[in-house]
Amino acid sequence: MKRVLFLTITALIGVFLLIYAFIYYVPYSEGVRSGELIKISRKGVLAKTWEGEISQGISGAQIFTFSVLDKEEEVIKKLKEYQGEYVKLDYVERYATFFWLGDTKYFITNVEKEDSPHFRK
C-alpha cells in the first residue's frame with residue numbers, strides 16, 4: 001500500500017514538473033509591441049508579480065497588458081524610468097502561466113525608449 005501511494009505521488013509530481021517545464025521554457029510566440037507605457041506595478045496577495053500596460057492607440061482603446069519576471073531586474077528598472085513615455089517592448093508569449101509568474105501570458109524580455117509616431121518633431 002505504501003509503495004502504491006509513493007508511486008502515485010511521484011508520478012503526480014513528475015507530471016506537474018513536466019507541465020511547468022513546458023509552460024516555462026517553450027514559448028508560444030515572440031514579438032515586439034510599441035505604445036505609451038501607462039502602468040507598471042507590483043501586485044498580488046500570495047505572490048507579488050510585476051504587471052504593466054501600454055496603450056497602443058491615441059484614444060487608449062487598445063491596451064496591451066503584460067507581466068515581467070522578477071529576474072528581469074534591468075527591464076523592471078527601465079520600465080519604472082520610462083513611465084509615461086513611448087516604448088518598444090520585446091516579449092515572449094507562453095501557452096499559459098502560473099499565479100507566481102504573472103497574471104498574463106505575455107512576458108517582457110527587453111524595453112527600449114522610442115519616439116512617439118503621434119508627435120513628429
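Check whether at least one residue in segment 28-45 is assigned to a strand (DSSP E or B), surrounded by 13 or more Cβ atoms within 10 Å (Cβ to Cβ), aromatic (Phe, Trp, Tyr) and in contact (Cβ under 8 Å) with a residue 12 or more places away in the chain, and report yes or no. Checked segment 28-45: no residue is assigned to a strand (DSSP E or B), surrounded by 13 or more Cβ atoms within 10 Å (Cβ to Cβ), aromatic (Phe, Trp, Tyr) and in contact (Cβ under 8 Å) with a residue 12 or more places away in the chain. Residues in segment 52-82 that are polar (S, T, N, Q) and over 19 Å from TYR106 (Cα atoms): SER59 only. Counting only strands (runs of 3 or more DSSP E) that fall entirely inside segment 47-121 and contain at least 2 residues that are basic (Lys, Arg) and at pLDDT 90 or above, the qualifying elements are 86-94.
The values are calculated or read from the model by the stated rules, or taken from the named source; none is laboratory data. Worth saying up front: this structure is predicted, and the values here are computed from it rather than measured. Positions of Cβ are backbone-derived with ideal geometry, glycine not excepted, and every protein chain shown enters the neighbour counts.
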